[in-house]
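Enquirer: The structure is given below, and queries will be raised subsequently.
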Amino acid sequence: EPEVTQTPSHQVTQMGQEVILRCVPISNHLYFYWYRQILGQKVEFLVSFYNNEISEKSEIFDDQFSVERPDGSNFTLKIRSTKLEDSAMYFCASSGRVSTDTQYFGPGTRLTVL
Amino acid sequence: KQEVTQIPAALSVPEGENLVLNCSFTDSAIYNLQWFRQDPGKGLTSLLLIQSSQREQTSGRLNASLDKSSGRSTLYIAASQPGDSATYLCAVSDAGNNRKLIWGLGTSLAVNP
């Protein structure tokens, strides 16, 4: 069964460093999302991506964040200068030809900022 | 602004019990509602999706209902097993074009042998 994959599973970085989180969505899906979950808190929407552009972003998704689909298969989230409060589990999701389809999630990347 | 609430926050039951998890949302203008399972430190596994036009969905021992007008959904788990122990999350799909999911905090379920 197709699945969303994410790498790395765990990333440790120093405050101020850039990180890139990678996702491979399900191959025929058209809608892509990033969410994050700070320990003990609700899952929060960061950004949605469709037709090679951002379709919506949350207040969290400021100038320090960016997303790309560089090669038609990978979907990346970049944090330019990490802060302590960026420590969280980051989940990538994709959904099919209709945006109301089920969103399928990857296993997540745990980001720890020291 | 859409808010999603889940009660109870935690639940501990003996194996074999039938149980109900509750989810409520403040804005009835949703496109669908999904129930997810999350094991400790792990990802999010989709269990059931109910479109806004539907009243319920079933998958094995799981049954989810949706009452959009009152802003409520329930997840019914029949004949619970220790392997059902996990956190169950409810998420509603926003009424905007991009269908972002808005999440509850979850119900942490422990099924004791």
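The values are calculated or read from the model by the stated rules, or taken from the named source; none is laboratory data. None of these values were measured; they are calculated from a predicted model. Cβ coordinates were reconstructed from backbone atoms using ideal geometry, including for glycine residues, and neighbour counts include every protein chain displayed.
Enquirer: When you look at B:THR74, is it in contact with a strand residue (DSSP E or B) (Cβ under 8 Å, 6 or more places away or on another chain) and away from every other protein chain (no Cβ under 11 Å), yes or no?
Expert: Considered against the rule, which asks whether it is in contact with a strand residue (DSSP E or B) (Cβ under 8 Å, 6 or more places away or on another chain) and away from every other protein chain (no Cβ under 11 Å), B:THR74 comes out as yes.
Enquirer: Take the conditions more than 14 Å from chain B (Cβ to nearest Cβ) and of a type outside the set (D, E, K, R) and apply them to A:ASN74. Does it pass?
Expert: Considered against the rule, which asks whether it is more than 14 Å from chain B (Cβ to nearest Cβ) and of a type outside the set (D, E, K, R), A:ASN74 comes out as yes.
Enquirer: Right, another one. Considering only the range B:20-30, I want to know if a residue exists there that is part of a loop (DSSP other than H, G, I, E, B), over 11 Å from the mean Cα position of the chain (by Cα) and hydroxyl-bearing (Ser, Thr, Tyr).
Expert: yes
Enquirer: Quick one: how many residues across the range A:56-70 are over 23 Å from A:GLN11 (Cα atoms) and more than 9 Å from every other protein chain (Cβ to nearest Cβ)?
Expert: Of the residues in that region, 2 qualify.
Enquirer: I'd like the full set of residues that are more than 16 Å from B:GLN51 (Cβ to Cβ), of a type in the set (S, T, N, Q) and in contact (Cβ under 8 Å) with a residue 24 or more places away in the chain, limited to the range B:71-103.
Expert: Residues satisfying the conditions are B:THR74, B:SER80, B:GLN81, B:SER85, B:THR87.
Enquirer: Next question, about the same structure. If you go through the range B:47-68, how many residues are hydroxyl-bearing (Ser, Thr, Tyr), surrounded by 16 or more Cβ atoms within 10 Å (Cβ to Cβ) and within 11 Å of chain A (Cβ to nearest Cβ)?
Expert: 1
Enquirer: A further question follows. Can we say A:VAL24 is at pLDDT below 90 and among the aliphatic types (A, V, I, L, M)?
Expert: No.
Enquirer: Determine which single condition B:LEU75 fails, assuming it passes every other condition in (1) surrounded by fewer than 19 Cβ atoms within 10 Å (Cβ to Cβ); (2) out of contact with any helix residue (DSSP H, G or I) (no Cβ under 7 Å at 6 or more places or on another chain).
Expert: Among (1) surrounded by fewer than 19 Cβ atoms within 10 Å (Cβ to Cβ); (2) out of contact with any helix residue (DSSP H, G or I) (no Cβ under 7 Å at 6 or more places or on another chain), the lone unmet condition for B:LEU75 is (1).
Enquirer: A further question follows. Being over 16 Å from the mean Cα position of the chain (by Cα) and aliphatic (A, V, I, L, M) is the filter; apply it to the range B:82-113 and report the residue that is surrounded by the fewest Cβ atoms within 10 Å (Cβ to Cβ).
Expert: B:ALA95
Enquirer: With the condition kept exactly as written, say whether any residue in the range A:56-78 is in contact (Cβ under 8 Å) with a residue 40 or more places away in the chain, surrounded by 19 or more Cβ atoms within 10 Å (Cβ to Cβ) and under 14 Å from the mean Cα position of the chain (by Cα).
Expert: Yes, some residue in the range A:56-78 is in contact (Cβ under 8 Å) with a residue 40 or more places away in the chain, surrounded by 19 or more Cβ atoms within 10 Å (Cβ to Cβ) and under 14 Å from the mean Cα position of the chain (by Cα).
Enquirer: Give A:SER66, A:SER81, A:SER73 a once-over and let me know the one that is touching a strand residue (DSSP E or B) at 6+ places or on another chain (Cβ under 7 Å) and assigned to a loop (DSSP other than H, G, I, E, B).
Expert: Just one listed residue meets the conditions, A:SER73.
Enquirer: Name the single residue that is surrounded by the fewest Cβ atoms within 10 Å (Cβ to Cβ) among those in the range A:26-55 being within 11 Å of another protein chain (Cβ to nearest Cβ) and assigned to a loop (DSSP other than H, G, I, E, B).
Expert: A:GLY40
Enquirer: If we keep just the residues of the range B:88-113 that are assigned to a strand (DSSP E or B) and in contact with a Pro (Cβ under 8 Å, 6 or more places away or on another chain), which is nearest to the other protein chains (Cβ to nearest Cβ)?
Expert: Filtering the range B:88-113 for residues that are assigned to a strand (DSSP E or B) and in contact with a Pro (Cβ under 8 Å, 6 or more places away or on another chain), the one nearest to the other protein chains (Cβ to nearest Cβ) comes out as B:THR107.
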